[in-house]
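The values are calculated or read from the model by the stated rules, or taken from the named source; none is laboratory data. What you are looking at is a predicted structure, and each value in this text was computed from that prediction instead of being measured. Cβ placement follows ideal geometry from the backbone for every residue including glycine, while neighbour counts extend to all protein chains displayed. Ligands, DNA and RNA are stripped out before the accessible areas are found, and what is left, the full protein with its side chains, is counted by its heavy atoms. Shrake-Rupley method; radii C 1.70, N 1.55, O 1.52, S 1.80 Å.
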Amino acid sequence: MTSDMHFWLTTLVIAITILLWASARLPEYLTALLFFAAATLLNIAPTSTIFSGFASSAFWLVLSGFVLGAAIRKVGLAQRWANYLVVPLSQSWPRMVVGTLVLTYLLALVMPSNMGRIALLMPVVLALGERAGIKAGSRGSIGLALAVGFGTFQLSASILPANVPNLVLSGAAENAYQIHLQWLPWWLLHMPVVGIGKGMVLAAAILFLFRAQPQPVRHRDQLEPLSRSEWRLMGLLAITLLLWMTDSLHGLPAAWVGLAAACICLLPRIGFLSGDDFASGVNFRTCIYIAGILGVATVVVDSGLGRLIADLLLSVLPLQDHASFGNFAVLNALVSLLNFVLTANGVPAMVTPIAQELANASGYSLMSVVMMQVFAYATPLLPYQASPVVVAMGLGNVPAKAGLQLCVLVFIFSVLLLLPLDYLWFRLLGYA
């Protein structure tokens, strides 16, 4: 097979896979399995590249997150924590939605793993909803699950160590340009728009699409004292959280800390889950889907397809030779377009190395172009572009259509309302 034929075959497989995910014509896990089958049979990349998603820390964070979430539900901690939150949050539906989004952001300040935060919050928030009369599978329950997923991924982009794309961007900037991004400048630049502004848009969109009428709870239930299992699980979670929060000190990746915690949960006599609990508590469909997304992104990068797409787009982008809102919008559009192919985790790995060329063509500084990516990859148009959103949908049993509706609505209003505000904030801080 010639190199040109091999390249176009790779492009065809990637394009069909993304089209199937975007259209939801087939179950997401089946599309991932078809990608694995086609990619290996047609030999479009080494198997180590095709199946790289299974070796990724994100995959093991997803799997361990499902196990920890199942353990939290099994021993009753989800219901207990929900019992503490139900009185202040159940007084109205807007308060419940906004309260959930605030919880996702506060947890992001201390816990670096998107997947870990979703695993921790999802059973608590769903139990909170049921306590307030919002039945599982109802529109209200779907809205709360999406608030956990979207809040966890989108709002945390304003906090440097709180999600994977941020870390990819930081590492790429350091490798390519010796730029060392810091926590406070990052937070000051992105918190007002990506944090607060996006939170307001998210809350409004969820309240519009998913209506519910929680039954206000005036008094907490009188629960039994904490059991030995609850105390032991709380201790395990506290240690896991502490290790996640201090990963910059000890160097243990969050994924392997989560995996160790999951293994403890599954140990006979010591743990909390049986084999049947493991089989029913872990959504293997979502795990396969995540591995597929990560595998596609790796194939795109390693095959050179992503760089080719970026170069082609750069050659046709209507960029002016001076910094302007038009250039700001065009560069954001570039990242959004690449997000369809690379997904949020892969975009900064591809865009950051060509940031200097983009800066030269647009009149912006290198640092400005590097930082512009955050708004765009934190605003996916389709759920598959952000793996934490997919995980949350799996954990919350959210139909694909509901996730798609919220994604599109938030994208539209983010572009119309928040993108101009982001530009103005960049200018105010001297980035534009």
Practice item. Roll a 1.4 angstrom probe over the protein heavy atoms and tell me the percent of accessible area of the chain that is carbon or sulfur. Key: 67 percent
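Any number yet on Rg/Rh for the range 364-432, C-alpha, Kirkwood?
Numbers: Rg = 14.8 Å, Rh = 13.4 Å.
That ratio is 1.10, to two decimals.
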Exercise for review: Take the alpha-carbon centre of the range 6-25, take the same for the range 320-354, and report the distance between them in whole Å.
Suggested key: 21 Å
Review point. Using alpha carbon centroids, what distance separates the range 161-182 and the range 271-302, in Å?
Key: 26 Å
Review point. In the range 276-349, what is the volume of the convex hull around the alpha carbon atoms, normalised per residue and reported in Å³?
Key: 102 Å³
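Tell me, what is the per residue accessible area of the chain in Å², probe radius 1.4 Å?
Numbers: 18130 Å² over 432 residues.
Here the residues of the chain average 42 Å² of exposed surface.
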Exercise for review: Return one number: the angle in degrees, 0 to 90 and rounded to the nearest 10, between the long axis of the Cα atoms of helix 254-266 and the longest principal axis of the Cα atoms of the chain.
Suggested key: 30 degrees
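Given the C-alpha atoms of the range 1-125, compute the convex hull and give its volume per residue in Å³.
Working: hull volume 19.0 nm³, N = 125.
It comes to 152 Å³ per residue, whole-number rounded.
Ordered by packing density, taken as the mean number of other Cβ atoms within 10 Å over each peptide's residues, highest first, how do 290-298, 10-18 rank? Let's see the in-between values first.
Details: 290-298: 26.6, 10-18: 18.1.
My ranking of the peptides, most packed first, is 290-298, 10-18.
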Exercise for review: Using only Cα atoms, find the angle between the long axis of helix 325-351 and the longest principal axis of the chain, and express it within 0 to 90 degrees, rounded to the nearest 10.
Suggested key: 60 degrees
Practice item. Measure of size requested: the Rg and Dmax of the chain, with Cα atoms as the atom set and Å as the unit; please supply both. Key: 21.6, 71
**Study point:** Entries in Lys198/Lys401; Lys74/Lys401; Lys74/Lys135 that, when Cα-Cα distance is taken, lie over 25 Å
**Key:** Lys74/Lys401
Check your understanding: Any idea what angle helix 57-75 forms with the longest principal axis of the chain, computed on alpha-carbon atoms, 0 to 90 degrees, nearest 10?
Key -> 10 degrees
Point to revise | the chain - charge dipole about Cα centre, Lys and Arg +1 at Cβ, Asp and Glu -1, debye rounded to 20 | key: 1400 debye
Check your understanding: Rg (Å, one decimal) plus Dmax (Å, integer) for the alpha carbons of the range 139-268?
Key -> 19.4, 58
Check your understanding: Got a number for the accessible area of Trp256? Probe 1.4 Å, square angstrom, nearest 10.
Key -> 110 Å²
**Study point:** Relative packing of 375-382, 387-394, 223-230, which averages over residues the other C-beta atoms within 10 Å, highest first
**Key:** 387-394, 375-382, 223-230
